[in-house]
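The values are calculated or read from the model by the stated rules, or taken from the named source; none is laboratory data. Everything numeric here is computed off the predicted structure, so don't read it as measured data. Positions of Cβ are generated from backbone atoms using ideal geometry, with glycine treated the same way; all protein chains shown enter the neighbour counts.
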Amino acid sequence: MKRMSILALALVVLAAGSLIGCQSKSSKPVIGALIRNLDEQFVADYAANVKVLAEKAGVELKLLDSRSDQATQLDQLNTLLSQGVKYFVIVPNQTEATEQMAQAIAKKKGGAAFSNIQPSVAALKVGKNFFLASSPESVAGQIQAQIIDDYFQKNPKKLGANKTINALMLLGQLGHPAQKYRTDAVLQGLKDKGYTVNVVAQDTANWKPDEAQQKMDAWIAAFKGKFNIVITNNDGMALGAVESLLTAKYVDDPKDLTKDTDGDGTVLKVPVLGVDATQVALKSMSENKLYATVLQDSVGQSSTAFELALAMAQGKYKAGFEAWGLKPETTPGDEAPANDAAVIGQCYLVPFKAVTKDNYKEFVK
Amino acid sequence: MAASSTVTAQAPARGLRAFLSKNTNIVTFVVLALALGALTGGRAFGLDSIQNLLIAESVRAFAALGVGMIIITRGIDLSIGYVVCLVASVSASFAQTPDYAAALYAGKDFVILVPIAAGLMTGALCGLVNGLLVAYGKLPAFIATLGTLSIARGLQLIYTKAAVVGSLKQPFKNISQGSLGPVPYLAIYVAFAAFVVWVLLRHTRRGTNFYAIGGNPVAARVSGINVERELVMVYLYAGVLYGIAGVLQAGRLGLANALTANGMELDAIAAVTVGGVSQTGGVGTMGGMIVGVLTLGIINYGMTYLGVDSYYQLLMKGVIIIVAVFMDMNKNARR
Amino acid sequence: MPNDTASGYVLEMLGISKSFPGVQALNDVTLKVRPGTVHALMGENGAGKSTLMKCLFGIYREDSGDIVLKGAKVKFHSAKDALVSGVSMIHQELLNVPDRSVRENVWLGREPMRSFGPLRFLDHRKMHEDTAALMKSLDMEIDPADRMGGLSISKQQACEIAKAVSYDASVVVMDEPSSSLTETETEHLFRIIRDLRSRGVAVIYISHKMSEIFQIADEVSVMRDGRMVGTYAASELDEDGLIRLMVGRDTTDRFPPVASVPGEVRLEVRGLTAANPRSFRDVSFDLRRGEILGIGGLVGAQRTELVEALFGLREVASGEILVDGGLVRVRSPRDAISHGLGLITEDRRGSGIFPLLSVTVNTSVASLGRYLGKARLLEHRRIESEAAKLNEALRTKTPSMGTQIQNLSGGNQQKVLVSRWLMTLPDILIMDEPTRGIDVGAKYEIYTIMAELARNGKSIIMVSSEMPELLGMSHRIMVLCAGRHTGTLEGKQATQENIMRLATQFV
């Protein structure tokens, strides 16, 4: 029995070995991709595009998933560095960890482009080979605020007295940067636009549709008629909320769930907002259920980051390099790290896009 | 009465073979290491690779030593991940650079001892609560620590308001990130802690009591062991070890947030189980725990090095853990 | 007698040998069983009885030898296999499904089915009726619909027997079937066994209880050290003769002489009453230096509860305990140990041994406080040599001091436990059922140790359910009945009859 077990163990190891296939010894450029967590839709799309780009460019790609653990990501970085990998695209776990990663890479005279979560100014100051190729999370919240503003401009009757927005908020995993920045930014954005925001209830649904639906079921029972919008941190939870509202017949016309009688763009009594513009979400929008979402451009971010890493690997990078048709910023803006003149030339801002009734068809695949 | 007639010296199986069959955990580790060496033509074992491995596993090692002792007493601790997370956050909050505007105690500059002491005390307190609940509250360890898990998570979020506690002072980070020649400080701390745990388990009365309680709690009580006190102590010791883990993790990452160390309990429990610490209690050694940590480490490291797809990594890791434990299990079956 | 009527054998196990690494467990064993008889299989623990039965049921594969059932050679691969061929086993620990009904248990794995088109369903009605008929034919009053786990142990056993009958069993093996039955229940079991016998079923009956053997058995086969000593008609044997066969030596002296003379009072108990109102109350007695005080009584007399209370394991409502004339408080085993008490509990596995730990640790665990050296670290060398010395003195047989105690036989485990308490240097040793589950040879050794301890000035309290043991080993016998002290017997008064009288005073 024991001998068989050892055999089994050996087989597993060999199977692992075979999975990686023959390690090519060619002089292809090597690029490391350190990916925060493939469970997140945006990050998964980002990684998928990096794979496609690497294939096209004939680059050997080492893509690793840290499953939301910064310590794991650090270990993965060290492992790749010790293997001689020098250039990276990184979707970090936390802004605060980027400087340390940049320092480790700089020691080996490499470089990296950070996406999704912005690197700190200090990280970019480690060297000229470190880049921001992202649209900061808070922009997603700002765009949500803009969409909400448009909605209430068009449907002022839905607004409470004194421009009050009574919001139900479904949050991602608490403490997750996307949860924090998106939430803070949408609330701040609405305040800046002169609204009084009354958060009727908020809770985490851990990014998940089923948890969101459960929370929403309870809230509908408790706060019927007391809220006029549902804001969520991602499409998954938004769709859970939509489902709950439909089940509870919290709609314009309980007899016909497909009729938008008040003409506000959704069959539901209140608009529901998500982030990500996943395909399911777009489908829901086409049925007048989900009101709107925000596209964080995974293709844009990954292409920009990858082109930067590739240029470095091939020795083609020079200041002012144009990646994915984007030029680096020239004038400092409001948000770190693109607010510091010293590193502004290393910041590539990929635009976020509002996805509404008017334009959602462009994103359907 | 000659010794030979009573306590008969039956020739124990000798040699390498006997040693290996008794120490399947070492076999597993060696097989994996050799396999990795073979697959990479030895390249996977450069000096910096070994340093990386040691650094990567050291924090987990503290958690493993703690939960390993708990499992020896027939307990379990599910709260590790979030306790380490809470400790890291508390510790980090006292180590932020005073000029950092978003610091929890902005403008205050604490001496380096404060974050360390605060972290250790937080860990110890969590361990103490676990111990009291299990020993005197008579709650099943599974449930008690599930409760503290949630409490620790809640406290962490309340304390940090879900924000990242970053911008830590360099001297604090140096505690984790520095090295003595080629040897990372972290590895030295682990070696020291492992030595202390070894002395405790092997050479103190309390250590023997831990094994006795895990082996047969009723018999332990009849033998005059203060079972409740010893249980409180084992959770307390573990808490202190988690405290160390949390402080070092904060220093190593230069930050702490709600996601720090999440899921560490599963890694630690898996590691000590692979290392031969039996869930039925009363069995396990410090050496086994460390071998278990290294085994899991080499799995993680090896698969990263080989570039195995992340989804397959999880699957492989699971299979290897099950096979390793299966191999180890037979030798301590209760008859 | 059935012996005369049977011309042949229903089951023959011929020349069975089986060895395990290092042990010849069975050596050319032959067992022949006639139909319509009760055949007792006797032997000390480790004599090879269970190994032989495991070979019969295909759990072990014998190295050599043949098994012949009703004239045909058979080879079973599992208990189920044997069951279908009419050979069934009633285990000591019942192996049923407690949360299912009696009928489901009886027909488990071969439930009657009913077809409904292509679908097949359980035929509950048929199952119920068949079970009821079965119970009726066996004169058992059990409702087929009852939950198995809700029945008494004896009724559960009856169900197992009914199940065996339903398989048309020709051989039924019963392993210590009466071990958890009351006397009335045992009587009922015997009625069932006699009924089986009258139906021509051969019953192989494994038991340690001599009295039962002579009540029920027609033939007796005795095994010793993996060999068959012989098969005898039960009427040829008496108790001493049977023991002689089992042990292989004369046992006219089943007990060593207890030569010590009790000295001054060491322990005095006054009006001890348990916190639990249904337990013992108002118990007073004393114990002298070098004395063995037996405590007798029936099941439920609260003997174990009393000694556990003395040792701080149970709460006491009132009463006083004096050690050497001084009042002491015993609230935990630690207190008790510090006052020089030791307790060997009745449940060796449950509250005695640490199965996975070494003999050394099992011996020393209660006395480690005396072996702390520099920096309060354990002095392993002294501990090991002291533990080895004690076990040598008690002739504990173990491959090494580092061996896990679970690998020792029951008798040797018990010796390790005695060593454990001797290592604490106690003045008073409480032994609750000191020879339970130990074979005859090892019993004598335990008795010798007790006598030796008493001679060296230790005081011993021995709780025992075995009348001969109480009479053979005690200076005085204190009898409890329903939690009350009904009398203490000494000298000529100490007879079986007097003990029974006191033990049943309130029954």
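Being surrounded by fewer than 20 Cβ atoms within 10 Å (Cβ to Cβ), of a type outside the set (Gly, Ala, Ser) and under 29 Å from C:SER19 (Cα atoms) narrows it down to one residue among C:ASP240, C:ASP225, C:ASP195, C:ASP168; which is it?
On the way: C:ASP240 fails: under 29 Å from C:SER19 (Cα atoms); C:ASP195 fails: under 29 Å from C:SER19 (Cα atoms); C:ASP168 fails: under 29 Å from C:SER19 (Cα atoms).
None of the other options fit; the residue is C:ASP225.
If you go through segment A:257-276 one residue at a time, do you hit one that is touching a strand residue (DSSP E or B) at 6+ places or on another chain (Cβ under 6 Å), among the β-branched types (Val, Ile, Thr) and surrounded by 24 or more Cβ atoms within 10 Å (Cβ to Cβ)?
Yes; the residues of segment A:257-276 include at least one that is touching a strand residue (DSSP E or B) at 6+ places or on another chain (Cβ under 6 Å), among the β-branched types (Val, Ile, Thr) and surrounded by 24 or more Cβ atoms within 10 Å (Cβ to Cβ).
Return the only residue of A:VAL267, A:VAL272 being outside the structural domain of A:PHE131 (by TED's automatic domain parsing), free of Cβ contacts under 8 Å to residues at least 24 places away in the same chain and among the β-branched types (Val, Ile, Thr). Don't jump to the end; show me each part of the working.
Values: A:VAL272 fails: free of Cβ contacts under 8 Å to residues at least 24 places away in the same chain.
Result of the check over A:VAL267, A:VAL272: A:VAL267.
Every residue in segment B:301-318 that is of a type in the set (D, E, K, R) and at the interface with chain A (Cβ under 8 Å from one of its Cβ atoms), please.
B:ASP309
Is one or more of the residues making up segment B:240-262 at pLDDT 90 or above, more than 10 Å from every other protein chain (Cβ to nearest Cβ) and within 30 Å of C:SER367 (Cα to Cα)?
So far as segment B:240-262 goes, yes, one or more of its residues are at pLDDT 90 or above, more than 10 Å from every other protein chain (Cβ to nearest Cβ) and within 30 Å of C:SER367 (Cα to Cα).
Of the residues C:MET401, C:MET478, which single one is in the same structural domain as C:ALA309 (by TED's automatic domain parsing), crowded, with 16+ Cβ neighbours inside 10 Å, in a loop (DSSP other than H, G, I, E, B) and more than 22 Å from the chain's Cα centre (by Cα)?
Among C:MET401, C:MET478, only C:MET401 is in the same structural domain as C:ALA309 (by TED's automatic domain parsing), crowded, with 16+ Cβ neighbours inside 10 Å, in a loop (DSSP other than H, G, I, E, B) and more than 22 Å from the chain's Cα centre (by Cα).
Only one of C:ILE295, C:ILE321 is touching a Lys or Arg at 6+ places or on another chain (Cβ under 6 Å) and either at the interface with chain B (Cβ under 9 Å from one of its Cβ atoms) or not aromatic (Phe, Trp, Tyr) (or both); which?
So the residue among C:ILE295, C:ILE321 that is touching a Lys or Arg at 6+ places or on another chain (Cβ under 6 Å) and either at the interface with chain B (Cβ under 9 Å from one of its Cβ atoms) or not aromatic (Phe, Trp, Tyr) (or both) is C:ILE295.
Here is a list of conditions, (1) in a loop (DSSP other than H, G, I, E, B); (2) in contact with a strand residue (DSSP E or B) (Cβ under 9 Å, 6 or more places away or on another chain); (3) not basic (Lys, Arg), and A:LEU187 meets all of them except one; can you say which number that is?
(1)
Restricting the search to segment C:302-323, which residues are of a type in the set (D, E, K, R), more than 24 Å from the chain's Cα centre (by Cα) and not in a loop (DSSP other than H, G, I, E, B)?
C:GLU320
Residue check: is C:GLY36 touching a Phe, Trp or Tyr at 6+ places or on another chain (Cβ under 8 Å) and in a loop (DSSP other than H, G, I, E, B)?
Numbers: touching a Phe, Trp or Tyr at 6+ places or on another chain (Cβ under 8 Å): no; in a loop (DSSP other than H, G, I, E, B): yes.
No; evaluated as a whole, the condition is false for this residue.
Hey, among the residues in segment C:42-80 that are surrounded by 18 or more Cβ atoms within 10 Å (Cβ to Cβ), charged (D, E, K, R) and not in a helix (DSSP H, G or I), which one's nearest to the chain's Cα centre (by Cα)?
Across segment C:42-80, the extreme among qualifying residues is C:GLU44.
For segment A:141-148, state whether one or more residues are of a type in the set (Val, Ile, Thr) and outside the structural domain of A:ASP235 (by TED's automatic domain parsing).
Within segment A:141-148, the first condition is being of a type in the set (Val, Ile, Thr), and the residues that meet it are A:143, A:147-148.
Cutting the leftovers down to outside the structural domain of A:ASP235 (by TED's automatic domain parsing) gives us none.
Among the residues of segment A:141-148, not one is of a type in the set (Val, Ile, Thr) and outside the structural domain of A:ASP235 (by TED's automatic domain parsing), which makes the answer no.
Restricted to segment A:158-179, and to residues that are within 14 Å of another protein chain (Cβ to nearest Cβ) and closer than 19 Å to A:VAL242 by Cα, which residue is modelled with the lowest pLDDT?
Across segment A:158-179, the extreme among qualifying residues is A:GLY172.
Which of the residues that make up segment B:48-80 are touching a residue at least 60 places away in the same chain (Cβ under 8 Å), part of a helix (DSSP H, G or I), more than 9 Å from every other protein chain (Cβ to nearest Cβ) and surrounded by fewer than 24 Cβ atoms within 10 Å (Cβ to Cβ)?
The one that is touching a residue at least 60 places away in the same chain (Cβ under 8 Å), part of a helix (DSSP H, G or I), more than 9 Å from every other protein chain (Cβ to nearest Cβ) and surrounded by fewer than 24 Cβ atoms within 10 Å (Cβ to Cβ): B:LEU54.
Under 6 Å between Cβ atoms, at least 6 apart or on separate chains: pull out the pairs that start in segment B:168-196 with a residue that is charged (D, E, K, R) and end on any residue that is assigned to a loop (DSSP other than H, G, I, E, B).
B:LYS169/B:ALA95; B:LYS169/B:THR97; B:LYS173/B:GLY254
Please give the number of the condition C:ALA388 fails out of (1) within 7 Å of chain B (Cβ to nearest Cβ); (2) assigned to a helix (DSSP H, G or I); (3) under 20 Å from B:ALA220 (Cα atoms).
(3)
I need the full set of residues from segment C:355-370 which are surrounded by fewer than 19 Cβ atoms within 10 Å (Cβ to Cβ) and more than 7 Å from every other protein chain (Cβ to nearest Cβ), in order please.
C:ARG370
Considering only segment A:59-71, state which residues are more than 8 Å from chain B (Cβ to nearest Cβ) and either of a type in the set (Asp, Glu) or not in a strand (DSSP E or B) (or both).
Correct list: A:VAL59, A:GLU60, A:SER66.
How do the pairs read when you match residues in segment C:370-393 that are among the aromatic types (Phe, Trp, Tyr) with residues anywhere that are part of a loop (DSSP other than H, G, I, E, B), using Cβ under 6 Å and keeping only pairs 6 or more apart or on different chains?
C:TYR371/C:GLU379
Of the residues A:ALA54, A:ALA47, A:ALA97, which single one is outside any loop (DSSP other than H, G, I, E, B), at pLDDT 90 or above and either closer than 24 Å to A:ALA238 by Cβ or not assigned by TED's automatic domain parsing to the domain that holds A:ALA338 (or both)?
Result: A:ALA47 is the single residue among A:ALA54, A:ALA47, A:ALA97 that is outside any loop (DSSP other than H, G, I, E, B), at pLDDT 90 or above and either closer than 24 Å to A:ALA238 by Cβ or not assigned by TED's automatic domain parsing to the domain that holds A:ALA338 (or both).
I'd like to check something: does segment A:84-91 contain any residue that is within 7 Å of chain B (Cβ to nearest Cβ) and touching a Phe, Trp or Tyr at 6+ places or on another chain (Cβ under 9 Å)? Step through it out loud before you land on a result.
Narrowing segment A:84-91 to residues within 7 Å of chain B (Cβ to nearest Cβ): none.
No; the residues of segment A:84-91 include none that is within 7 Å of chain B (Cβ to nearest Cβ) and touching a Phe, Trp or Tyr at 6+ places or on another chain (Cβ under 9 Å).
Of all residues in segment C:258-301, how many are surrounded by 21 or more Cβ atoms within 10 Å (Cβ to Cβ) and part of a strand (DSSP E or B)?
11
Being surrounded by fewer than 22 Cβ atoms within 10 Å (Cβ to Cβ) and β-branched (Val, Ile, Thr) is the filter here; which residues of segment A:277-316 pass it?
Residues satisfying the conditions are A:THR278, A:VAL280, A:VAL299.
Within segment A:171-180, is there a residue that is under 30 Å from B:ASN262 (Cα atoms) and of a type in the set (S, T, N, Q)? First the steps, then the outcome.
Step one: filter segment A:171-180 for residues under 30 Å from B:ASN262 (Cα atoms), giving A:171-180.
Remaining after also requiring of a type in the set (S, T, N, Q): A:173, A:179.
Scanning segment A:171-180, I find at least one residue that is under 30 Å from B:ASN262 (Cα atoms) and of a type in the set (S, T, N, Q), so the answer is yes.
With respect to the numbered conditions (1) within 14 Å of chain A (Cβ to nearest Cβ); (2) farther than 23 Å from B:ILE244 by Cβ; (3) touching a Pro at 6+ places or on another chain (Cβ under 7 Å), which one is the sole condition not fulfilled by B:GLY224?
For B:GLY224, the exception is condition (1).
Quick check on B:ILE213: is it under 30 Å from C:ASP432 (Cβ atoms), more than 13 Å from chain A (Cβ to nearest Cβ) and of a type in the set (A, V, I, L, M)?
Answer is yes for this residue.
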